[in-house]
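The structure appears below as structure tokens.
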Amino acid sequence: MAAPQVDLSVELAGLSLVNPVLVASGTFGYGTEYGELVDVGRLGGICTKAVTLQPRAGNPPPRICETPAGMLNAIGLQNPGVEVFIGEKMPALREFGVPIIVNVAGESVADYVSLAERLSDCADIAALELNLSCPNVKRGGMQFGIDGELTERVVAAVREATELPLIAKLSPNVTDIASIGEAARDGGADALSLINTLLAMSIDIDRRQPMLANVTGALSGPAIRPVAVRMVWEVAQAVDLPIIGMGGITSAADALQFIMAGATAVAVGTANFVEPGISGRIIDDLEDFCQQAGVACAADLIGAAHGSSDVEGLQ
Amino acid sequence: MYAQTTQLIQREQVGPGYHLLEFDCPQVAAAAQPGQFVHIRVTGDWDPLLRRPFSVMGTNEAEGSFQVLMRTVGRGTQMLAEAQSGTKFDIMGPLGNGFALPGPEGEVVLVAGGIGVAPLIFLATALREPGGSRYIRGLFGARSADDLCCWLEFSGVCDEFNAITEDGSTGEQGLVTDFLPPQLKRGTGCVYACGPALMLAEVARQCEGAEVPCYVSMEQRMGCGVGACLGCVIPTQADGTQRYQRVCKDGPIFDAEVVDWEAIHRGCTPG
Ligand SMILES: Cc1cc2nc3c(=O)[nH]c(=O)nc-3n(C[C@H](O)[C@H](O)[C@H](O)COP(=O)(O)OP(=O)(O)OC[C@H]3O[C@@H](n4cnc5c(N)ncnc54)[C@H](O)[C@@H]3O)c2cc1C
Ligand SMILES: Cc1cc2nc3c(=O)[nH]c(=O)nc-3n(C[C@H](O)[C@H](O)[C@H](O)COP(=O)(O)O)c2cc1C
Ligand code: FES
């Protein structure tokens, strides 16, 4: 007897994803870097590297260093700017035929608005992910995501400027992430993405200096997973919006923790560097898990760990 | 570019802290060009997390294998240094651009510092292949005799060869760069160098003064190895514009003229 088909599809911010596995911003370039190694067309979607209005050179090196089960990065939002993104990166991204979620970063509310306006004119963008949470730039970035009022203001301003679905990406560098999620919802976000990286630091004791030229950096990888799962759980309880959960995902079991904590979809980040084909493996293993657990629709697992506890907005 | 599980078929200690590793991987053996590297996952687990990059030192297409010369410096290289033959490793490669071949004129000088000899052995081997009648002079510098690893392999593919040690324990005493100026006066067509960043900076300075083209193999800490994370950049300058370029994709081989050596001196090295 053939095993029954499992339906992995999910709905998120008006997007229909064939499966809930995306790749996280900044960890998959513009897709083409991995084209030779990964069947990109299988992905639930791609979150692109952050794009800014003007090109950015990024931070001086060294930009990364390894930490226990994790890494620090201080890339500093290096990117060619929105015009080159539209002209040179979107044509190849389109070819993959999967939802393209464009991660945008600004130094001011006006920057985010201009980016949203410009990208609204570009065909085949599925959604915008507002990066309110980059810890590696001096101005803008995380400063938005750690302040509820600013979060609401920037999301509301972008809401006015575009019809595209809006996903607010939250910073974990706050004491109460649920309240930031509420602020993003009040501003008009259609979904939330969490978590971005944790502000962190590492010192080279032989050279007696920081490991990164930027001094501080952004922690990602398996080391942050339990923090991320906790935050998805808290936001899912407080906010009636779909969540893209991420932070240290390396397997379907990890992805399921996020889904059961209340995430509608997940994004694989740092693990792409270590195992380029990991997203495909996670999709296959999710399907196997559902089959073995007798779950017909993966979406039925969203928020499953909350049991009868008070969970709002889980689809 | 391939990503696959390969087998370590041989590991041989070739000096204190130096190991020659041979991997069974027909795809990389057939595709690798001198100067390219492989990105090796040292564990099936997630700690240590990142892959480690190593230059290809040589290939054996008939056997379907390739070699890496490795110096033990930290956790990842220690794990490789202890691996038994037969152990499986996940390898991505060949990655990076590889050396630009020299113009038709003049002799070729290869300047190796320590473990930097590895990609130059591969390059010299390729330049000597049938049809390649290039005169190759090798300069190999290291701290002491112990660190002149694989010097027999290197001298074997050079027409002329000089060993230089800082402590004078073998060959001439001094820095490898002390012995480059006379070579540059002898109608050298092209210089290739691999070694510590400050050695490369000095080689680049001398070649610029002598107006000899120079290519260097650069290092930086790496994440993805394929150009996606922008983690592995070094500062470069061309046509008056400064920017950051990826060692894994735009390099690891750079025209010495485009590298911003002043910034390298200020400490933009992997360490
Ligand atoms: C293109 C390229 C080619 C290389 N070829 C060789 C080679 O042929 N033989 C050889 O022995 N070594 C080579 N190296 C250096 C080698 O990658 C490092 O020595 C190795 O990654 C150290 O790992 P570790 O875990 O032992 O050290 P740790 O210090 O514990 O490593 C911690 C982190 O820093 C990174 N790191 C540390 N030192 C370096 C370095 N010098 N360059 C880049 N990343 C570093 C590691 O990859 C790891 O992510 C090359 C590096 C590059 C970039
Ligand atoms: C090298 C690197 C670059 C990143 N760049 C961005 C970015 O441009 N925009 C963004 O919103 N998040 C960026 N992130 C954060 C990731 O998208 C993700 O939120 C975070 O790394 C946690 O997931 P992980 O632990 O699976 O990597 C970056 C992460 C890394 C490691
Ligand atoms: S290592 Fe990721 S861009 Fe070079």
If the label point sits 7 Å along Cα→Cβ of B:E257, residues of the stretch B:205-225 with amide N under 12 Å come out as B:208-209, B:211-215
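Hey, got the average number of other protein chain Cβ atoms within 10 angstrom for residues in A:35-47?
Mean shielding count: 1.
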Of the stretch B:229-266, those with amide N under 12 Å from the point 7 Å along the Cα→Cβ vector of A:V215 are none
Computed, not fitted: 222 nm per-residue ellipticity of chain B from DSSP H runs ≥ 4 (each -39500 (n - 2.57)), nearest 500, equal to -5000 deg cm²/dmol
Ordering A:79-88, A:99-108 by per-residue average of other C-beta atoms within 10 angstrom, highest first, gives A:99-108, A:79-88
The residues A:S220, B:S217, B:S144, sorted from fewest to most surrounding Cβ atoms within 10 Å, come out as B:S144, B:S217, A:S220
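If R0 is 30 Å, what FRET efficiency do you get for B:Q4 and B:N97 from their C-beta distance, rounded to 0.05?
On the way: r = 21 Å, r/R0 = 0.71.
Calculated value: 0.90.
Taking the mean number of other Cβ atoms within 10 Å as a proxy for protection, how do you rank A:165-175, A:190-200 from highest to lowest?
On the way: A:165-175: 23.0, A:190-200: 25.0.
Listed from highest to lowest mean packing, they are A:190-200, A:165-175.
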Counting other chain Cβ atoms within 10 Å of each Cβ in B:244-251 and taking the mean gives 2
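Order B:17-29, B:182-194 from most to least packed using the mean count of other Cβ atoms within 10 Å. Before the final figure, lay out each step's value.
Values: B:17-29: 20.4, B:182-194: 18.8.
Taking the mean over residues of other Cβ atoms within 10 Å, the ranking is B:17-29, B:182-194.
Can you give the local net charge around A:V155? Use residues other than it whose beta-carbon is closer than 13 angstrom to its beta-carbon, Lys and Arg +1, Asp and Glu -1. Don't skip to the answer; put the middle values down first.
Details: positive: A:R153, A:R159, A:K169, A:R185; negative: A:E129, A:D147, A:E149, A:E152, A:E160, A:E182, A:D186, A:D190.
Value of the local net charge: -4.
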Yeah, the stretch B:156-261 with a ≥ b ≥ c from its alpha-carbon gyration tensor (a/c under 1.5 is rounded, else prolate when a/b outruns b/c, oblate otherwise) is prolate
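Once you order the gyration tensor axes a ≥ b ≥ c over the Cα atoms, which shape class does the stretch A:212-315 get: rounded for a/c under 1.5, otherwise prolate or oblate by comparing a/b with b/c?
Working: a/c = 2.72, a/b = 1.28, b/c = 2.13.
Oblate.
Given R₀ = 35 Å, FRET efficiency for A:A304-A:R281 by Cβ-Cβ distance, to 0.05? All intermediate terms of the calculation are to be shown ahead of the outcome.
Working: r = 22 Å, r/R0 = 0.63.
E(calc), rounded to 0.05, equals 0.95.
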With Cα coordinates, the longest principal axis of chain B makes an angle with the long axis of helix B:117-127, in degrees rounded to 10, of 70
Per residue of A:26-33, other chain Cβ atoms within 10 Å number on average 4
Quick P(r) readout (the protein assembly as shown; Cα-Cα; 20 Å bins; whole %) gives 20, 49, 25, 5, 0
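Within the stretch B:71-136, list the chymotrypsin sites (Phe, Trp or Tyr not before Pro) lying in a DSSP loop whose Cβ has at most 11 other Cβ atoms in a 10 Å radius.
none
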Taking a label point 7 Å from the Cα of A:S9 along Cα-to-Cβ, the residues of the stretch A:41-79 whose backbone nitrogen sits under 20 Å from it are A:41-46
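Work out the FRET efficiency for A:D240 and A:E88 from their Cβ-Cβ distance, taking R0 = 51 Å, and round it to the nearest 0.05.
Numbers: r = 38 Å, r/R0 = 0.75.
Calculated value: 0.85.
Any read-out appearing in this document is the output of simple, stated calculations on the displayed coordinates, not a laboratory observation. Since we're looking at a predicted model, the values are computed, not measured. In this analysis, Cβ positions are derived from the backbone assuming ideal geometry, glycine residues included, and neighbour counts consider all displayed protein chains.
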